[in-house]
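J.: Take a look at this one; I'll ask things after.
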Amino acid sequence: CLWCASSRRCMEYPVRRILPPADLCELRSARWGVCWVNFEALIIAMSVVGGTLLIMLGVCCCCCCCKKKSKKQVLGGVLLLPDKDDERAAREREKRRVRQEERRAEMKSRHDEIRRKYGTV
């Protein structure tokens, strides 16, 4: 049903067209389905809601991409710049590894010395 407020007529909606033609009824006078749904307001409201959803989707995508880039700065599977936390953790691991090797060498030399002392070599 298409209600035209200017001519005060209810007519069958022209289903072959999305918007009613101007010669049938002006857009600002056209009401859709029931008398209180203004076509012009409906189009504006749908545009605003659709635009808001698109902007929100774009912002979410940008946030997700930025978050992923800050965690790992990777381009095509190649690490470009390591994260400061990753660098710090790597340095700590290297220091622990060096200390462990020093302790092993020290323990081995002590054991060898004890073996020599008691002649169990």
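J.: Conditions: (1) modelled with pLDDT of 90 or more; (2) open to solvent by 100 Å² or more (accessible area, probe 1.4 Å). GLU92 meets all but one. Number of the miss?
T.: In the conditions (1) modelled with pLDDT of 90 or more; (2) open to solvent by 100 Å² or more (accessible area, probe 1.4 Å), GLU92 misses (2) alone.
J.: Give the stretch 16-53 a look and list any residue that's out of contact with any helix residue (DSSP H, G or I) (no Cβ under 9 Å at 6 or more places or on another chain) and of a type in the set (Ser, Thr, Tyr), or say none.
T.: Across the stretch 16-53, the qualifying residues are SER47, THR52.
J.: For the stretch 45-55, which residues satisfy the criterion of being open to solvent by 80 Å² or more (accessible area, probe 1.4 Å) and either in contact (Cβ under 8 Å) with a residue 40 or more places away in the chain or β-branched (Val, Ile, Thr) (or both)?
T.: VAL48, VAL49, ILE55
J.: I'd like to verify a number: residues in the stretch 66-89 that are at pLDDT 80 or above and either open to solvent by less than 80 Å² (accessible area, probe 1.4 Å) or closer than 30 Å to ARG9 by Cα (or both), how many?
T.: 2
J.: Within the stretch 1-24, can you find the residues that are hydrophobic (A, V, I, L, M, F, W, C) and open to solvent by less than 40 Å² (accessible area, probe 1.4 Å)?
T.: LEU2, CYS4, ALA5, MET11
J.: A further question on this structure: Looking only at the stretch 85-121, which residues are among the hydrophobic types (A, V, I, L, M, F, W, C) and assigned to a helix (DSSP H, G or I)?
T.: Those that are among the hydrophobic types (A, V, I, L, M, F, W, C) and assigned to a helix (DSSP H, G or I): ALA89, ALA90, VAL98, ALA105, MET107, ILE114.
J.: Residues that are in contact with a Ser or Thr (Cβ under 6 Å, 6 or more places away or on another chain), at pLDDT below 90 and open to solvent by less than 100 Å² (accessible area, probe 1.4 Å): does the stretch 27-44 have at least one?
T.: Yes, some residue in the stretch 27-44 is in contact with a Ser or Thr (Cβ under 6 Å, 6 or more places away or on another chain), at pLDDT below 90 and open to solvent by less than 100 Å² (accessible area, probe 1.4 Å).
The values are calculated or read from the model by the stated rules, or taken from the named source; none is laboratory data. Predicted model, so just to flag it, every value in this text is computed and none were measured. Cβ atoms come from the backbone with ideal geometry, glycine included; neighbour counts cover every protein chain shown. All accessible areas refer to the heavy atoms of the entire protein, side chains included, with ligands and DNA or RNA removed. Shrake-Rupley method; radii C 1.70, N 1.55, O 1.52, S 1.80 Å.
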